[in-house]
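Enquirer: Let me give you the structure first, and then I'll get to my questions.
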Amino acid sequence: MTVSLKSLGIDRLNVDERRTLVEEIWASICADAKAFPLTNEQRAELDRRAADDDAFPDDVMPWDEIKAAARLRGQRYRVRQRAMAQWNYREAALPSIAGLGRCKDSSPDGCW
């Protein structure tokens, strides 16, 4: 038998029950941490981060500020993507406009 959402009946759970199940599964994986030994590089990086935290305990940011900054970056990204899409549309339209003789060249400044 293949293990799946349907075969285990997980598809019949509501969202809260599935979230709780995921948390329990993750906790069981974390409890078996010996099955996932760290490499020397990973251990060194954790040690470096712990030392940095000890050296600069006030160099922290509240979670609300982190979330706000991430949301702002997401908004800026979406605005930038929309602007690029509009510019690409205009760029694609320019050669056809230039072919009609309305523009001296294919740059927006060359149109009259």
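The values are calculated or read from the model by the stated rules, or taken from the named source; none is laboratory data. The structure presented is a predicted model; accordingly, all values stated were derived computationally and were not measured.
Enquirer: Applying the selection to the range 30-61, what residues are in a helix (DSSP H, G or I), within 25 Å of the chain's Cα centre (by Cα) and modelled with pLDDT under 90?
Expert: Scanning the range 30-61 gives a single hit, 30.
Enquirer: On to the next question. Condition check: at pLDDT 85 or above and within 26 Å of the chain's Cα centre (by Cα). Does residue 64 satisfy that? Don't jump to the end; show me each part of the working.
Expert: Numbers: at pLDDT 85 or above: yes; within 26 Å of the chain's Cα centre (by Cα): yes.
Against the criterion (at pLDDT 85 or above and within 26 Å of the chain's Cα centre (by Cα)), residue 64 qualifies.
Enquirer: Right, something else. Kindly indicate whether any position in the range 82-105 is at pLDDT 65 or above, β-branched (Val, Ile, Thr) and part of a helix (DSSP H, G or I).
Expert: There is no residue in the range 82-105 that is at pLDDT 65 or above, β-branched (Val, Ile, Thr) and part of a helix (DSSP H, G or I).
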